[in-house]
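Below: the structure, in structure tokens.
The values are calculated or read from the model by the stated rules, or taken from the named source; none is laboratory data. All figures in this text were calculated on a predicted structure; none of them were measured in a lab. Ideal geometry is used to build each Cβ from the backbone, glycine not excepted, and the neighbour counts take in all protein chains shown. Side chains included, ligands, DNA and RNA excluded: accessible areas come from the protein's heavy atoms. Shrake-Rupley method; radii C 1.70, N 1.55, O 1.52, S 1.80 Å.
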Amino acid sequence: MSTAPARTARLTAATAPAGALLHHRTLTPADTGIVHLGLGNFHRAHQAVYTAAALAREDGPWGVLGVAGRATGVADALRAQDLRYTVAELSPDGLRCTIPAVHTGVLVAAREPEPVQRALAAPGTRVISLTVTEHGYTYSPRTGGLDLDHPGIQADLRGNRTAPQTTLGRIVRALQERAATHAAPVTVLSCDNLVGNGDHTRRLVQEFIDRLPGEEGEEVGAWMAAGNLTFPNTMVDRIVPATTDAERSAVAEALGLRDEVPAPAEPFSMWVLEDRFAASRPAWEAGDALFTDDVEPYELLKVRLLNGTHSLIAYLGALAGCDTIPQSTAQPFVTEAARAVLWKEYLPSLIVPDDVDLDAYVAQLFTRWANSALGHRTRQVGSDGSVKLRQRIPDPALLQLRAGRMPHHLALTVAAYLCCLAPAAGFDPGEHAAAMADPARDRLAALRTRAGGGPSFATAVLNDGLLGDELPEHPAFAARIGEFIDLIHTRGTRAAAAEAAGSA
Ligand code: CS2
């Protein structure tokens with residue numbers, strides 16, 4: 001993996017430079033208070049950094065056991081590095097390296113299911129946190145409930161308690177164990193970009209329990225109803241790309257040490273949480289996390305202005321041959337479309353929190369997207385659109401449509417997504433679109449083959465539930481998406497964006 005010379009020493013507990021450590025306690029497995037599902041870069045560059053700040057301010061049992069779902073690479077590299085890794089903060093001003101050192105262990109659920117279940121059910125576990133991406137919640141975009149067609153969900157609803165395959169299965173099976181052993185209350189903390197992420201997780205957990213066969217769910221259901229569990233809503237924000245050799249080399253040069261798994265991140269970071277913890281929590285405010293009674297306005301602000309606009313930037317950019325988000329926003333037509341969707345179509349659906357200076361927030365978004373030191377790829381943001389767009393598009397689009405206005409740029413977002421994922425025969429959306437992963441790719445391709453032109457394809461997709469069950473009641477929206485699809489195919493992405501700009 002590494003491009004650093006083999007003789008460069010590896011980052012470990014012994015070699016980690018004291019000046020880069022964010023706190024100075026040596027944690028042991030006995031300090032584990034958080035079991036975190038999802039060992040990706042986002043967790044390692046976000047929650048881990050806040051937890052390090054909390055530990056630097058006050059002592060507490062807040063070590064993190066990190067659990068990867070299936071991939072073994074990060075977990076194995078972390079074990080070889082005594083659980084140390086670098087957060088590589090990248091901006092045009094340069095590189096800043098810090099080492100959170102908050103992990104007390106790492107596991108891979110698919111490889112080591114039993115220790116994972118034991119850790120989730122352990123009395124010392126006070127917080128079960130999640131960054132499993134929108135896709136990891138195995139929910140159906142159509143209903144918002146559990147995806148009952150998902151083979152993992154089907155297996156887990158039937159399966160045993162020791163080796164569940166899905167995140168929800170793992171959580172519920174562990175909660176059953178906690179209920180049976182009268183274990184301490186626990187907080188389930190979703191840190192993913194879902195609107196009302198805590199409420200969403202609670203609903204899915206409840207539905208999973210309700211669907212357990214026979215009386216299997218009774219005990220845990222009663223335990224949950226007795227208030228032993230909380231699901232605070234959170235808003236999380238930090239742009240965190242995938243690791244490449246460029247970051248490995250930059251870190252090796254800066255620290256003089258080889259880190260196989262640095263987590264690149266932008267300098268900006270924000271975390272807003274509801275303070276509803278079942279069994280206490282780390283002093284995350286030490287890292288500037290904001291605790292509030294009402295996270296929703298912050299979540300909507302972020303999921304729509306940042307993530308929603310991000311999707312448009314990713315799909316238009318990929319179709320225009322751009323590898324990265326900064327390359328995409330360097331195209332004037334993309335920036336113009338981004339401004340239009342943000343100000344005219346997302347913003348009217350929001351109540352901006354009092355402490356947010358909107359102009360400054362939006363200006364900062366464009367600066368963040370333009371961070372060329374970061375190399376955030378259009379294919380990363382464009383992946384899993386089928387579960388991401390469900391969170392970003394329907395409510396703002398419905399608000400406009402019900403007021404008699406056509407949200408042209410939201411339609412353009414969906415059209416650009418569909419052109420990336422399911423192009424008509426003979427249209428090449430380019431390598432960046434081809435590299436986007438999406439659980440709906442095959443399904444969309446089948447709908448595309450059956451449909452004639454863009455409008456019939458868009459209608460079929462909406463009727464299939466891609467964006468929930470209310471947008472199909474507005475056929476003009478599908479028709480507009482279809483027109484943009486045809487325009488992209490016949491006259492190109494810029495022409496479609498110009499048409500949207502002219503209509504807005
Ligand atoms: C992005 C997010 O991939 C995506 O869909 O919009 O991952 C975004 O970078 C983060 O939410 C920023 O906090």
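Residues considered: 357, 275, 294, 288. Of these, the only one that is surrounded by fewer than 20 Cβ atoms within 10 Å (Cβ to Cβ), modelled with pLDDT under 95 and out of contact with any Asp or Glu (no Cβ under 6 Å at 6 or more places or on another chain) is 294. So for segment 256-263 (the condition being among the small types (Gly, Ala, Ser), open to solvent by 20 Å² or more (accessible area, probe 1.4 Å), away from the ligand (no atom under 16 Å from the Cβ) and in a helix (DSSP H, G or I)), does at least one residue qualify? No, because not a single residue in segment 256-263 is among the small types (Gly, Ala, Ser), open to solvent by 20 Å² or more (accessible area, probe 1.4 Å), away from the ligand (no atom under 16 Å from the Cβ) and in a helix (DSSP H, G or I).
The listed residues are 81, 47, and the only one of them that is more than 23 Å from residue 193 (Cα to Cα), assigned by TED's automatic domain parsing to the domain that holds residue 268 and crowded, with 20+ Cβ neighbours inside 10 Å turns out to be 81.
Pull up segment 395-408, narrow it to residues that are away from the ligand (no atom under 16 Å from the Cβ) and assigned to a helix (DSSP H, G or I), then point me to the one that is nearest to residue 302 (Cα to Cα). Looking at the filtered set, the residue picked out is 395.
On inspection, residue 282 qualifies as open to solvent by less than 10 Å² (accessible area, probe 1.4 Å) and either among the basic types (Lys, Arg) or away from the ligand (no atom under 16 Å from the Cβ) (or both). Evaluated against (1) within 16 Å of the ligand (Cβ to nearest atom); (2) under 24 Å from residue 82 (Cβ atoms); (3) crowded, with 19+ Cβ neighbours inside 10 Å, residue 242 falls short on exactly one condition, (3). Confirm whether residue 380 is polar (S, T, N, Q) and farther than 24 Å from residue 432 by Cα. Taking the combined requirement at face value, the residue does not satisfy it.
If only residues of segment 334-386 that are over 24 Å from residue 412 (Cα atoms) and small (Gly, Ala, Ser) are counted, the one that is nearest to the ligand (Cβ to nearest atom) is 375. Can you find a residue that is open to solvent by 10 Å² or more (accessible area, probe 1.4 Å) and away from the ligand (no atom under 11 Å from the Cβ) anywhere in segment 309-318? No, every residue in segment 309-318 fails to be open to solvent by 10 Å² or more (accessible area, probe 1.4 Å) and away from the ligand (no atom under 11 Å from the Cβ).
Residues checked against (1) in a loop (DSSP other than H, G, I, E, B); (2) hydroxyl-bearing (Ser, Thr, Tyr); (3) within 27 Å of residue 296 (Cβ to Cβ):
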| residue | (1), (2), (3) |
| --- | --- |
| 327 | no, no, no |
| 335 | no, yes, no |
| 346 | no, yes, yes |
| 352 | yes, no, yes |
| 355 | yes, no, yes |
| 360 | no, no, yes |
| 368 | no, no, yes |
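From the list 56, 75, 71, the lone residue that is outside any strand (DSSP E or B) and open to solvent by less than 30 Å² (accessible area, probe 1.4 Å) is 75. Would you mind stating whether residue 212 is open to solvent by 50 Å² or more (accessible area, probe 1.4 Å) and either touching a strand residue (DSSP E or B) at 6+ places or on another chain (Cβ under 7 Å) or at pLDDT 95 or above (or both)? So residue 212 does not fit the description; no.
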